[in-house]
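Heads up: the structure comes next, in structure tokens.
The values are calculated or read from the model by the stated rules, or taken from the named source; none is laboratory data. All values derive from a computational prediction rather than experimental measurement. Reconstructed Cβ throughout: ideal geometry from the backbone, glycine too, with neighbour counts over all protein chains shown.
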Amino acid sequence: MEVPPRPAARRFFWLLALALLPVLTLGLRWASFLPSVIDWDESLYVLQAREWLRGNWPLSGVWDMHPVGAPAFIAGAFLLLGESVEAVRLLGAACVTATGFGLFALVRFAGGPPALGYAAALIYAAHSILLGGQASNTEILFAPFLVGALGVGLRGALAPGAPGWGALLALGALVGPAVLIKPVATPEGCLAFGLLTFPALWRKQLKPRRFLAMAAAYAALCAAPTLLVGGIYALRGEFDIWFESTILAPFTYAASGVSGEQAAWRITTAALALRWALLLGLVGLAGLAAADAPIRRLTAFGLLWLATASVAVAGPGMFFPHYFLILLPPLSLLAALGVLMLARLARPGHAGLLMAALVGLLSADIVASDLAPRLSRGFALGSPDTPRRMAALMNEELRPGETIFVPNYQPIVYFLTDARLPTRLPFPVHLTGSFANLAGVDTDAEVRRILESRPRFIVLDRSEWFAMRPSAMAMLTEALEEGYEIAASFAEERGTVELWRRVEAE
């Protein structure tokens with residue numbers, strides 16, 4: 001990251017560095033293109049997106065308890081790149097790159113050096129492969145929108161005078177889609193509005209009446225995409241499905257929560273995964289007394305951002321690993337500040353090289369920690385995984401219009417096959433698992449209906465067998481014994497996955 005001294009050369013250097021950021025991001029996230037499954041939720045979004053393009057709408061056609069934003073973005077990737085897992089992972093890499101650009105711009109808005117912004121972008125890209133972040137999950141998809149909104153808010157906070165309506169429109173245009181992807185984007189959306197308006201309100205440059213008008217307008221802008229989708233479902237005569245899926249089900253889900261012991265365990269494992277960012281963030285705080293005004297300003301902002309993001313992580317009460325990806329942008333900023341503090345200990349003229357070395361070592365260590373378990377399973381990194389192998393076997397025999405049933409395995413199997421969906425509840429935990437009450441239907445009756453339709457194949461994950469409801473287990477056992485035979489068995493790390501074929505009447 002050594003910067004040439006002349007302004008023109010310096011400008012060219014950073015333009016070239018920014019142009020290389022997508023390449024570096026792809027290099028860090030290369031392993032995301034290997035497996036068909038990284039995260040259960042992503043598998044469902046992928047299936048929803050494909051079915052949507054075929055006229056089978058999310059929620060009413062393929063049920064979930066999340067808004068339609070994630071499948072909408074994946075459907076857009078399919079339209080541009082074709083229907084494939086690789087297109088989905090490329091979308092994730094594009095979002096990580098966009099978040100990196102946003103972090104760079106945010107640092108520059110606050111008067112920080114470009115090396116700091118670039119370090120934050122690379123630290124974010126490296127950490128994005130952790131905690132299931134290689135999947136194009138909601139936290140990866142909405143991050144660029146929130147980082148952009150916070151950059152607008154921070155710039156407004158530092159600008160003289162009252163904020164204009166243009167900045168408010170920009171905030172709404174960024175936060176609205178983020179909320180449509182997942183409502184946990186709301187706390188950071190509130191922070192962005194606070195940054196834009198509270199300093200001017202405190203300085204009495206923004207009148208209370210105008211502040212209230214801007215708050216109302218901002219709330220309307222943020223809610224507009226969600227309400228628009230609700231209106232579309234209402235025109236389709238499916239408003240009740242939209243309301244129950246998008247509004248009621250998440251509250252029911254959050255009310256179940258996890259125990260304090262489970263929460264502590266999940267927080268601890270996430271902290272261990274993010275150890276580099278946390279450690280470097282502490283280094284940045286230790287050197288804060290000797291820092292200049294822009295660095296102190298960015299540190300205070302980073303801490304406020306981290307606290308707000310923590311509210312978003314804790315809100316659903318579940319603390320699943322991918323929830324902690326919400327913390328990555330502010331942690332990456334704070335870690336970059338720590339790298340800058342360490343680099344300034346170097347001899348004059350060598351700070352940039354030391355920053356590059358530190359960020360490079362950090363990134364290499366994270367990639368190595370991801371690569372080690374892959375290599376421990378053998379060198380055939382590009383060989384088909386179980387869902388792809390299983391789908392290939394089924395596609396050889398499936399006839400047009402036939403269905404398969406995946407009661408407790410990855411929904412991506414539906415996407416990889418040519419089969420017709422047997423149900424609008426393809427996500428196992430909603431149909432046969434512990435969250436069967438969320439969809440508002442009799443799931444036992446739905447399982448019975450599916451089995452009575454005699455799908456051509458049934459995919460059974462023995463490692464997830466006891467995660468199903470006893471009633472679903474009993475119905476599956478009876479159906480398999482009476483009308484199916486083992487077609488193939490696949491050994492995975494967690495257990496055996498079985499492919500059962502329907503026995504045809506002679």
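Restricting attention to the stretch 81-133, the residues that are within 25 Å of Pro384 (Cβ to Cβ) and out of contact with any Ser or Thr (no Cβ under 9 Å at 6 or more places or on another chain) total 7. Checking each residue in the stretch 230-255 for being touching a residue at least 12 places away in the same chain (Cβ under 8 Å) and not aliphatic (A, V, I, L, M) picks out Gly230, Tyr233, Arg236, Glu238, Trp242, Phe243, Glu244, Ser245, Thr246, Pro250, Thr252, Tyr253.
You will find that of Leu206, Leu196, Leu174, the residue that is of a type in the set (A, V, I, L, M, F, W, C) and not in a helix (DSSP H, G or I) is Leu206 and no other. Among the residues of the stretch 269-284, those that are assigned to a helix (DSSP H, G or I) and within 17 Å of Leu358 (Cβ to Cβ) comprise Arg275, Trp276, Ala277, Leu278, Leu279, Leu280, Gly281, Leu282, Val283, Gly284. Looking only at the stretch 439-456, decide whether some residue is farther than 29 Å from Ala49 by Cα, surrounded by fewer than 22 Cβ atoms within 10 Å (Cβ to Cβ) and at pLDDT 90 or above. No - not one qualifying residue is present in the stretch 439-456.
So which of Gly27, Gly76, Gly92 is in the same structural domain as Phe251 (by TED's automatic domain parsing), part of a helix (DSSP H, G or I) and over 24 Å from Trp242 (Cα atoms)? The unique qualifying residue is Gly92.
For the stretch 241-268, how many residues meet the condition of being surrounded by 13 or more Cβ atoms within 10 Å (Cβ to Cβ) and either not in a helix (DSSP H, G or I) or not polar (S, T, N, Q) (or both)?
Let us first name the residues in the stretch 241-268 that are surrounded by 13 or more Cβ atoms within 10 Å (Cβ to Cβ), namely 241-250, 252-253, 256-258, 263, 265-267.
Among the residues that remain, those that are also either not in a helix (DSSP H, G or I) or not polar (S, T, N, Q) (or both) are: 241-244, 247-250, 253, 257-258, 263, 265-267.
Number of matching residues: 15.
For beta carbons closer than 7 Å, sequence separation of 6+ or different chains, a first residue in the stretch 24-45 that is over 16 Å from Glu139 (Cα atoms) and a second that is part of a loop (DSSP other than H, G, I, E, B) and of a type outside the set (A, V, I, L, M, F, W, C), the qualifying pairs are Ala31/Gln134; Leu34/Gly382; Pro35/Asp385; Ser36/Asp385; Val37/Gln410. Looking only at the stretch 459-497, residues that are surrounded by fewer than 20 Cβ atoms within 10 Å (Cβ to Cβ) and either charged (D, E, K, R) or not assigned by TED's automatic domain parsing to the domain that holds Val429 (or both) come to 10 in all.
What's the total number of residues in the stretch 398-428 that are at negative phi and either assigned by TED's automatic domain parsing to the domain that holds Glu86 or surrounded by fewer than 18 Cβ atoms within 10 Å (Cβ to Cβ) (or both)? Give the steps one after another, and end with the answer.
The first filter runs over the stretch 398-428 and keeps only residues at negative phi, leaving 398-400, 402-428.
The next check asks that each one be either assigned by TED's automatic domain parsing to the domain that holds Glu86 or surrounded by fewer than 18 Cβ atoms within 10 Å (Cβ to Cβ) (or both); those that pass are 399-400, 418, 420.
Going through the stretch 398-428 one residue at a time, the tally reaches 4.
Taken residue by residue, the stretch 377-386 has no member that is more than 30 Å from Ala126 (Cβ to Cβ) and surrounded by 12 or more Cβ atoms within 10 Å (Cβ to Cβ). Of everything in the stretch 48-66 that is aliphatic (A, V, I, L, M) and surrounded by fewer than 23 Cβ atoms within 10 Å (Cβ to Cβ), the residue that is nearest to Trp242 (Cα to Cα) is Met65. Among the criteria (1) crowded, with 24+ Cβ neighbours inside 10 Å; (2) over 19 Å from Ile326 (Cα atoms); (3) aliphatic (A, V, I, L, M), the one Val107 does not fulfil is (2). Inspection of the stretch 291-305 identifies no residue that is outside any helix (DSSP H, G or I), among the aromatic types (Phe, Trp, Tyr) and surrounded by 15 or more Cβ atoms within 10 Å (Cβ to Cβ). Restricting attention to the stretch 156-166, does a residue exist that is aromatic (Phe, Trp, Tyr), in a helix (DSSP H, G or I) and more than 17 Å from Ile181 (Cα to Cα)? Checked the stretch 156-166: at least one residue is aromatic (Phe, Trp, Tyr), in a helix (DSSP H, G or I) and more than 17 Å from Ile181 (Cα to Cα).
When Asp444, Asp418 are checked against the criterion of being without any contact (Cβ under 8 Å) to a residue 40 or more places away in the chain and assigned to a loop (DSSP other than H, G, I, E, B), a single residue qualifies: Asp418. Only residues that are more than 12 Å from Arg501 (Cα to Cα) and either touching a strand residue (DSSP E or B) at 6+ places or on another chain (Cβ under 8 Å) or in contact (Cβ under 8 Å) with a residue 60 or more places away in the chain (or both) were counted across the stretch 393-409, and they come to 6.
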